[in-house]
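*Asks:* Quick one: structure below, then a few questions.
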(Lines give C-alpha, C1' and ligand atoms only; values in the text may rest on other atoms or scores of the structure.)
Protein backbone atom coordinates (compact mmCIF):
# COMPACT_ATOMS: atom_id res chain seq x y z
CA UNK A 1 0.00 0.00 0.00
CA UNK A 2 1.32 3.45 -0.90
CA UNK A 3 0.81 6.57 1.20
CA UNK A 4 1.65 10.20 0.67
CA UNK A 5 3.82 12.09 3.17
CA UNK A 6 4.24 15.88 3.10
CA UNK A 7 7.79 17.03 3.91
CA UNK A 8 9.46 20.41 4.33
CA UNK A 9 12.50 19.90 6.61
CA UNK A 10 15.29 17.33 6.65
CA UNK A 11 13.11 14.81 4.80
CA UNK A 12 12.82 17.26 1.90
CA UNK A 13 16.52 16.85 1.12
CA UNK A 14 17.20 14.09 -1.47
CA UNK A 15 20.50 13.01 0.14
CA UNK A 16 18.93 12.48 3.54
CA UNK A 17 15.75 10.80 2.30
CA UNK A 18 17.83 8.52 0.04
CA UNK A 19 20.10 7.53 2.95
CA UNK A 20 17.04 6.68 5.03
CA UNK A 21 14.87 4.98 2.39
CA UNK A 22 17.49 3.60 -0.01
CA UNK A 23 16.45 5.99 -2.78
CA UNK A 24 14.33 9.07 -3.19
CA UNK A 25 10.71 7.96 -3.71
CA UNK A 26 8.51 9.50 -6.42
CA UNK A 27 7.34 12.96 -5.37
CA UNK A 28 5.43 16.03 -6.49
CA UNK A 29 5.30 19.60 -5.24
CA UNK A 30 2.21 20.70 -3.33
CA UNK A 31 1.03 22.89 -0.48
CA UNK A 32 -0.95 22.40 2.69
CA UNK A 33 -3.20 25.25 3.73
CA UNK A 34 -3.69 26.46 7.28
CA UNK A 35 -0.24 25.47 8.57
CA UNK A 36 3.01 27.27 9.28
CA UNK A 37 6.58 26.16 10.08
CA UNK A 38 7.96 26.56 13.59
CA UNK A 39 11.37 26.08 15.15
CA UNK A 40 11.71 24.08 18.34
CA UNK A 41 14.67 23.84 20.70
CA UNK A 42 15.89 21.27 23.20
CA UNK A 43 13.61 22.50 25.96
CA UNK A 44 10.58 21.33 23.93
CA UNK A 45 11.77 17.72 23.73
CA UNK A 46 10.19 14.90 25.72
CA UNK A 47 12.63 13.83 28.49
CA UNK A 48 13.48 10.49 26.82
CA UNK A 49 14.27 12.22 23.51
CA UNK A 50 16.13 15.03 25.30
CA UNK A 51 18.44 12.52 27.00
CA UNK A 52 19.17 10.72 23.75
CA UNK A 53 19.80 13.86 21.68
CA UNK A 54 21.84 15.61 24.37
CA UNK A 55 24.15 12.58 24.50
CA UNK A 56 24.91 13.07 20.77
CA UNK A 57 24.58 16.82 20.16
CA UNK A 58 25.20 20.12 21.86
CA UNK A 59 21.67 20.62 23.15
CA UNK A 60 22.25 24.38 23.56
CA UNK A 61 22.48 24.73 19.75
CA UNK A 62 20.03 21.96 18.84
CA UNK A 63 16.86 22.89 16.97
CA UNK A 64 14.21 21.21 14.84
CA UNK A 65 11.40 22.21 12.51
CA UNK A 66 7.75 21.31 12.81
CA UNK A 67 4.44 22.34 11.31
CA UNK A 68 1.36 23.39 13.22
CA UNK A 69 -2.05 24.68 12.39
CA UNK A 70 -2.07 28.43 12.08
CA UNK A 71 -4.49 31.13 13.10
CA UNK A 72 -3.50 33.01 9.92
CA UNK A 73 -6.22 32.26 7.31
CA UNK A 74 -3.67 32.72 4.49
CA UNK A 75 -1.02 30.41 5.95
CA UNK A 76 0.33 27.57 3.85
CA UNK A 77 3.49 25.54 3.40
CA UNK A 78 4.72 24.66 -0.09
CA UNK A 79 7.01 21.63 -0.37
CA UNK A 80 7.42 17.96 -1.42
CA UNK A 81 4.96 15.12 -1.16
CA UNK A 82 6.54 11.67 -1.41
CA UNK A 83 4.72 8.49 -2.38
CA UNK A 84 6.03 5.90 0.09
CA UNK A 85 5.56 2.22 0.82
CA UNK A 86 4.58 0.74 4.17
CA UNK A 87 8.21 -0.24 4.82
CA UNK A 88 9.41 3.27 4.01
CA UNK A 89 6.82 4.67 6.41
CA UNK A 90 8.29 2.46 9.15
CA UNK A 91 11.74 3.96 8.48
CA UNK A 92 10.26 7.46 8.61
CA UNK A 93 8.46 6.66 11.87
CA UNK A 94 11.76 5.62 13.46
CA UNK A 95 13.51 8.70 12.09
CA UNK A 96 10.83 11.03 13.47
CA UNK A 97 10.60 8.98 16.68
CA UNK A 98 6.91 8.53 16.17
CA UNK A 99 4.89 8.50 18.43
CA UNK A 100 7.29 9.49 21.26
CA UNK A 101 8.20 12.85 19.73
CA UNK A 102 6.42 13.59 16.49
CA UNK A 103 2.88 12.54 15.74
CA UNK A 104 1.18 11.97 12.39
CA UNK A 105 -1.52 14.31 11.22
CA UNK A 106 -3.79 13.58 8.27
CA UNK A 107 -3.92 16.51 5.86
CA UNK A 108 -5.04 17.48 2.37
CA UNK A 109 -2.28 18.62 0.02
CA UNK A 110 -2.98 20.47 -3.19
CA UNK A 111 -0.84 20.39 -6.30
CA UNK A 112 -0.14 23.61 -8.20
CA UNK A 113 -2.83 22.83 -10.79
CA UNK A 114 -5.43 22.24 -8.05
CA UNK A 115 -5.57 18.45 -7.67
CA UNK A 116 -6.04 17.51 -3.99
CA UNK A 117 -4.68 14.40 -2.25
CA UNK A 118 -4.96 12.85 1.20
CA UNK A 119 -1.56 12.73 2.88
CA UNK A 120 0.00 12.89 6.30
CA UNK A 121 2.78 14.89 7.86
CA UNK A 122 4.78 14.64 11.05
CA UNK A 123 4.12 17.42 13.55
CA UNK A 124 4.69 18.27 17.21
CA UNK A 125 2.21 19.45 19.83
CA UNK A 126 4.40 22.22 21.24
CA UNK A 127 4.72 25.95 20.83
CA UNK A 128 7.86 27.07 19.07
CA UNK A 129 9.16 30.10 17.22
CA UNK A 130 7.13 30.93 14.12
CA UNK A 131 9.39 31.08 11.06
CA UNK A 132 8.67 33.16 7.98
CA UNK A 133 11.65 31.58 6.21
CA UNK A 134 13.72 28.59 7.26
CA UNK A 135 16.64 26.34 6.43
CA UNK A 136 15.38 22.81 5.89
CA UNK A 137 18.38 21.17 7.52
CA UNK A 138 19.09 22.51 11.00
CA UNK A 139 22.74 21.41 11.08
CA UNK A 140 25.27 19.48 9.04
CA UNK A 141 23.76 17.43 6.17
CA UNK A 142 26.42 14.71 6.55
CA UNK A 143 25.49 14.24 10.22
CA UNK A 144 21.88 13.66 9.17
CA UNK A 145 22.93 11.25 6.41
CA UNK A 146 24.99 9.23 8.91
CA UNK A 147 22.05 9.23 11.34
CA UNK A 148 19.65 8.12 8.58
CA UNK A 149 21.89 5.19 7.67
CA UNK A 150 22.17 4.18 11.35
CA UNK A 151 18.38 4.33 11.68
CA UNK A 152 17.95 2.07 8.65
CA UNK A 153 20.46 -0.46 10.04
CA UNK A 154 18.63 -0.53 13.40
CA UNK A 155 15.38 -1.50 11.72
CA UNK A 156 16.66 -4.10 9.25
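The values are calculated or read from the model by the stated rules, or taken from the named source; none is laboratory data. Please read these numbers as outputs of a predicted model, since none were measured by experiment. All Cβ positions, even for glycine, are placed from backbone atoms using ideal geometry, and neighbour counts span all protein chains on display.
*Asks:* Among the residues of the range 110-131, which ones are more than 17 Å from the chain's Cα centre (by Cα) and assigned to a loop (DSSP other than H, G, I, E, B)?
*Replies:* Those that are more than 17 Å from the chain's Cα centre (by Cα) and assigned to a loop (DSSP other than H, G, I, E, B): 112, 113, 114, 115.
*Asks:* Look at residue 134 and say whether it is in a strand (DSSP E or B) and under 17 Å from residue 12 (Cβ atoms).
*Replies:* No, not satisfied.
*Asks:* Checking residue 79 against (1) without any contact (Cβ under 8 Å) to a residue 24 or more places away in the chain; (2) part of a strand (DSSP E or B); (3) surrounded by 15 or more Cβ atoms within 10 Å (Cβ to Cβ), only one condition comes out false. Which one?
*Replies:* Single failed check for residue 79: (1).
*Asks:* Here's another thing I want to ask about it. Just for the range 16-33: of the residues that are free of Cβ contacts under 8 Å to residues at least 60 places away in the same chain and out of contact with any strand residue (DSSP E or B) (no Cβ under 6 Å at 6 or more places or on another chain), which one is surrounded by the most Cβ atoms within 10 Å (Cβ to Cβ)?
*Replies:* 24
*Asks:* May I ask you to list pairs of residues, at least six apart or on different chains, whose Cβ atoms are under 6 Å apart, with the first in the range 34-48 being at negative phi and surrounded by fewer than 17 Cβ atoms within 10 Å (Cβ to Cβ) and the second being modelled with pLDDT under 90 and not in a strand (DSSP E or B)?
*Replies:* As it stands, the answer is none, since no pair meets every condition given.
*Asks:* Separate question: Determine, yes or no, whether residue 136 is farther than 18 Å from residue 4 by Cα and modelled with pLDDT of 90 or more.
*Replies:* In short, no.
*Asks:* Follow-up question, since we're still on this one. I'd like to know if the range 82-101 contains one or more residues that are over 22 Å from residue 148 (Cβ atoms) and surrounded by 14 or more Cβ atoms within 10 Å (Cβ to Cβ).
*Replies:* No, because not a single residue in the range 82-101 is over 22 Å from residue 148 (Cβ atoms) and surrounded by 14 or more Cβ atoms within 10 Å (Cβ to Cβ).
*Asks:* Follow-up question, since we're still on this one. Are any residues in the range 82-109 without any contact (Cβ under 8 Å) to a residue 40 or more places away in the chain, assigned to a helix (DSSP H, G or I) and under 12 Å from the mean Cα position of the chain (by Cα), and if so, which ones?
*Replies:* Result: 93, single match.
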